[in-house]
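Nothing in this text is a laboratory measurement; each read-out follows from the coordinates by a stated rule. Note that the structure is a prediction, hence the values are computed from the model and not measured. In this analysis, Cβ positions are derived from the backbone assuming ideal geometry, glycine residues included, and neighbour counts consider all displayed protein chains.
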Amino acid sequence: MKHYSADESVIVIDINGEARAHSDRHLLRPHIAGNEQTLGGEEVVMTYCGLTNLGMAYTPEIDGQKVDLAAFTQLENNLVMYDKVTGEPIQQLWGSKESDQVANDKAPKMKEQPTFRMPFSKFVEAYPKGQVFLNDYITKEMRPTFWQNPFLAIYDPIMDFIFETAVTFQAKSDKPTFPTIKVKDTRLPNKALVWGSEY
């Protein structure tokens, strides 16, 4: 528990008994973890939106074609990614190409893999051989020194401050960080934390 605290909430992917834990803190800036990695014999990436605390795992493939995901922007307070091969935007919520989704709600999409949350200490108990996602720029042993890479040594702390400020505002203010949502749902207060399930 060197890099995660015992009570830190982690998003877990478990495929064929092989699991990987991801904390919100380590996912915040890359937004995407696991490119070019396999878990339980399958390729799987964890996508994460820091504004909604939404983690979704996908098999990075659409209609038989592999996609190479990277963070692009936010829209309606949710993550929009893009495929580095084609440049096509892909919305995190539905996992299909943005152009296909507009035209057809049955568009080909990435296969979503089940995820769940638990405290890190419980993950360690349940998966003693489980993997843990570490982000290099906030893990001291993985971070380059100023003399190794002066640009990153200056850039990363500035970006951390910007992201942490936005996420803190999002968590503490009734207003969204980016006021792009046009529909207001009055069933729950703004920013109420909810658990979701497709089943």
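What's the extension gain from Q37 to N78 if we count 0.36 nm per residue and subtract their Cα-Cα distance?
12.3 nm
Order these by the 10 Å Cβ neighbour count, fewest first: D63, D68. All intermediate terms of the calculation are to be shown ahead of the outcome.
Numbers: D63 12, D68 15.
Sorted ascending by nearby Cβ count, the order is D63, D68.
Assuming 0.36 nm per residue, please report the length gained on full extension of the stretch L134 to D160 beyond their Cα-Cα distance.
Result: 7.8 nm gained on full extension.
Determine the gain in length on full extension of the stretch L54-S173; use 0.36 nm per residue of separation and subtract their C-alpha separation, reporting nm with one decimal.
In short, 41.0 nm is gained.
Based on the Cβ-Cβ distance from A126 to Q65, what FRET efficiency comes out when R0 is 30 Å, to the nearest 0.05?
Once the sixth-power term is evaluated, E becomes 0.30.
How big is the Kirkwood radius of the stretch 9-141, worked out from every pair of different alpha carbons and given in Å to one decimal?
15.2
Using modelled amide H (1.01 Å from N, peptide plane; none on Pro or chain starts), what sits under 5 Å from the amide H of A19, excluding residues fewer than 5 places away?
Amide H neighbours of A19, under 5 Å, 5+ apart: Q131.
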